[in-house]
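Undergrad: One structure follows; several queries about it will come next.
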Amino acid sequence: MDGEDFLLETRCLTKRYGPRIVAVDNLTLTIRRGEVYGFLGPNGAGKTTTLRMLLGLIRPTSGTASVLGRSPGHPESLARVGALIESPAFYPYLSGRDNLRVMARYARVPKSKIEAVLETVDLAQRARDKFSTYSLGMKQRLGVAAALLKDPELLILDEPTNGLDPAGMADMRALIRRLGSGERTVLLSSHQLGEVEQICDRVGVISAGRLISEGTVEELRGGGSLLVTARPLTRARKRAEELLGRKNVEVTDEALRLDTGTEAAGRINRELMNANVEVTELRWVERTLEEVFLQMTDEKGEDDVG
Amino acid sequence: MLANFSAEALKLYKRPAAWALLLVALALSQVFNYLVPYAGYLSAENDRMAERILAGMMPENLIASSIAGFPLFAGALTLTLGALLVGSEYGWGTLKTVLIQRPRRLSVYAGQLLALAVAVFAIVLVVFALGALTSYAIAASQSVAVDWPPLVDLAQGFASGWLILMTWCLLGAMLAFVFRGMALPIGLGVVWILGVENLITGVAANLLDFAETLEKGLPGVNAGSLVAALGGSADGTPGVNTVVDGTQATLVLLAYAVVFIMVAAVTLHRRDVT
């Protein structure tokens, strides 16, 4: 893939606060044109700090970043980027429409765009009401509307479903899927695995300021495993370890989780039966992103301690 | 910058607090420049005193009456306006929303400055206009010949009033950038205007030589001296004094304005927006 296809690139991006706090640590990531990229990490991992650096709100301590071929915060790149960072922040005494009028003036876009984005986020009916009277879901939608004013090539959304009820979350996710379905590139920061799993093409996992893994959701999940329920479990485990090696066998919830492909299922069943093990269940299970994520962040934590 | 100015102007125009400040400034100027003196005129003990009070309310004294309150109460109100406009961007977190739209930081600040300059201009204009109407009405009611100040003097008085209020307004905006908020800048600014300068001029300057020198460089003292140079009475009018001459007062206020603008610009430009 040539460099033209990378809409956003960071190299060794680092942000330190004083000598002890490293919010973002040597972060190198690339986002391709047209993809929906999930930026996944627990609270405090450095996601928002990274996004703020990409938008020029805070300056990196070291490292470089390029957003649409320009340095972060450059007016020419910002003109093509729409963003919602953390909670939506608007003027409480202004209506939703007036808030967008203000933002449209800063962004230098015609006011005719305002009605269009209000329709897109389904807020036209309440556009005359003051922002202070909006529910959290409406505030988030107004934030997305402001981000869409410039019809941006790159849409950066930081935890857009934070604090929403299940219906609000579903609506917001549907909206993000819709916005990312065309040519537009979306960078979605989230700590909600299900959200990232549902929406994103590619995912970068960040923990303690470092990118610890990057790939498609399928790549991160790394396929699946065979789940075997058998009696006696200790004998089944011993035999499975003889067949597959100790590191590929894990006991979970009174069952064995075998790290191997589906093609091995018949052989394993046969071998267990030959070892006088009663197999009551044998099925293929895919790992969830949550399991992968917890494993990654646990390993990262252990590495740091070590 | 004009796009940013139009955004700032829209915000200010729609902001109830900005209108409240204007109304308070108008009410205070009317009460202390005309209503209280008029009551004093009606209950004056002798004709000489009545004539003196009436003369102060006449159209020919429009400049001095209009800007008499600028060094203190109107100054405190425009300091509040500056802190309000800038500080609430931090309080509501809207600065980040603004900056990610497109504009450069200093361009946003230039838009804010222009909006504040226009707002302060409007406050001075309305105070002068309402003062003119009231003084005309009083003169007419007392069958006194109406004599307006020369246009050049009026322009000079208007510009000086704007400079005084703008200096305080810029102080409020600068403090809001420095403290990234609204409450502390307003508190500190008002304490400075109404308390600290009075303590320096009223107490310290009488006891210490260096305080007497320091006094000549204080913004409030120079604002009061500028009002006095334009005909304001230094006898009994709070904040009005004759410590320095009008030219020095103008130059010192201009210097303060430049310093406040520069400190605010550097602070906004260099700091992370978190």
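The values are calculated or read from the model by the stated rules, or taken from the named source; none is laboratory data. Bear in mind the structure is a predicted one, so any value in this text is a computation, not a measurement. Here Cβ is always computed from backbone atoms with ideal geometry, including for glycine, and neighbour counts include all displayed protein chains.
Undergrad: What is the number of the single condition among (1) away from every other protein chain (no Cβ under 14 Å); (2) aliphatic (A, V, I, L, M); (3) closer than 29 Å to B:G187 by Cβ that B:A139 does not meet?
TA: With respect to (1) away from every other protein chain (no Cβ under 14 Å); (2) aliphatic (A, V, I, L, M); (3) closer than 29 Å to B:G187 by Cβ, B:A139 is out only on (3).
Undergrad: When you check A:S132 against the structure, is it within 8 Å of chain B (Cβ to nearest Cβ) and surrounded by fewer than 20 Cβ atoms within 10 Å (Cβ to Cβ), yes or no? Can you show your working first?
TA: On the way: within 8 Å of chain B (Cβ to nearest Cβ): no; surrounded by fewer than 20 Cβ atoms within 10 Å (Cβ to Cβ): yes.
No.
Undergrad: Considering region A:120-129 alone, what residues qualify as being assigned to a loop (DSSP other than H, G, I, E, B) and surrounded by fewer than 16 Cβ atoms within 10 Å (Cβ to Cβ)?
TA: As a first pass, look at region A:120-129 and keep what is assigned to a loop (DSSP other than H, G, I, E, B): A:121-123, A:127-129.
Hits for region A:120-129 are A:D122, A:R128, A:D129.
Undergrad: Limited to region A:57-86, what total is found for residues that are of a type in the set (G, A, S), at the interface with another protein chain (Cβ under 7 Å from one of its Cβ atoms) and surrounded by fewer than 23 Cβ atoms within 10 Å (Cβ to Cβ)? Lay out the reasoning, then the answer.
TA: First, the residues of region A:57-86 that are of a type in the set (G, A, S): A:62-63, A:65-66, A:69, A:71, A:73, A:77, A:79, A:82-83.
Next, from what is left, pick out any that are at the interface with another protein chain (Cβ under 7 Å from one of its Cβ atoms): A:79, A:83.
Checking the rest, the ones that are also surrounded by fewer than 23 Cβ atoms within 10 Å (Cβ to Cβ) come to A:79.
Count: 1.
Undergrad: Can you confirm whether A:G38 is buried (at least 16 other Cβ atoms within 10 Å of the Cβ), touching a residue at least 12 places away in the same chain (Cβ under 8 Å) and in a strand (DSSP E or B)? Before the answer, list the steps.
TA: Numbers: buried (at least 16 other Cβ atoms within 10 Å of the Cβ): yes; touching a residue at least 12 places away in the same chain (Cβ under 8 Å): yes; in a strand (DSSP E or B): yes.
Yes; evaluated as a whole, the condition is true for this residue.
Undergrad: Oh, and also: Just the residues that are loosely packed, with under 12 Cβ neighbours inside 10 Å and either free of Cβ contacts under 8 Å to residues at least 40 places away in the same chain or within 32 Å of the chain's Cα centre (by Cα) (or both), please, taken from region A:228-257.
TA: Just the residues of region A:228-257 that are loosely packed, with under 12 Cβ neighbours inside 10 Å, to begin with: A:232, A:234, A:245-247, A:252-254.
Across region A:228-257, the qualifying residues are A:T234, A:G245, A:R246, A:K247, A:T252, A:D253, A:E254.
Undergrad: Which one of these does B:L28 not meet: (1) out of contact with any Leu (no Cβ under 6 Å at 6 or more places or on another chain); (2) facing chain A (nearest Cβ under 10 Å)?
TA: (2)
Undergrad: Let me ask another. Going through B:A55, B:A27 one at a time, which residue ends up being modelled with pLDDT of 95 or more, among the small types (G, A, S) and in a helix (DSSP H, G or I)? Can you show your working first?
TA: On the way: B:A55 fails: modelled with pLDDT of 95 or more.
So the residue among B:A55, B:A27 that is modelled with pLDDT of 95 or more, among the small types (G, A, S) and in a helix (DSSP H, G or I) is B:A27.
Undergrad: From the list A:V109, A:V117, pick out the single residue that is surrounded by 23 or more Cβ atoms within 10 Å (Cβ to Cβ), more than 7 Å from chain B (Cβ to nearest Cβ) and among the β-branched types (V, I, T). Talk me through it step by step, then tell me what you get.
TA: Numbers: A:V109 fails: surrounded by 23 or more Cβ atoms within 10 Å (Cβ to Cβ).
Sole residue among the options that is surrounded by 23 or more Cβ atoms within 10 Å (Cβ to Cβ), more than 7 Å from chain B (Cβ to nearest Cβ) and among the β-branched types (V, I, T): A:V117.
Undergrad: Which of the residues belonging to region B:74-121 are touching a residue at least 12 places away in the same chain (Cβ under 8 Å), surrounded by fewer than 19 Cβ atoms within 10 Å (Cβ to Cβ) and of a type in the set (A, V, I, L, M, F, W, C)?
TA: B:L106, B:L114, B:A117, B:V118, B:F121
Undergrad: Does A:T260 qualify as being buried (at least 19 other Cβ atoms within 10 Å of the Cβ), of a type in the set (S, T, Y) and either in a strand (DSSP E or B) or touching a helix residue (DSSP H, G or I) at 6+ places or on another chain (Cβ under 8 Å) (or both)?
TA: Taking the combined requirement at face value, the residue satisfies it.
Undergrad: Looking only at residues in region A:135-156 that are touching a helix residue (DSSP H, G or I) at 6+ places or on another chain (Cβ under 8 Å) and under 15 Å from B:R102 (Cα atoms), which one is surrounded by the most Cβ atoms within 10 Å (Cβ to Cβ)?
TA: Here the residue is A:A146.
Undergrad: For region B:131-140, does any single residue satisfy the condition of being modelled with pLDDT of 95 or more and within 19 Å of B:G75 (Cβ to Cβ)?
TA: yes
Undergrad: Now for a separate question. Residue by residue through region A:67-111, note down the ones that are touching a helix residue (DSSP H, G or I) at 6+ places or on another chain (Cβ under 9 Å) and among the hydroxyl-bearing types (S, T, Y). Outline the logic, then answer.
TA: Of all residues in region A:67-111, those touching a helix residue (DSSP H, G or I) at 6+ places or on another chain (Cβ under 9 Å) come to A:67-73, A:75, A:78-79, A:81-111.
The answer is A:S71, A:S87, A:Y91, A:Y93, A:S95, A:Y106.
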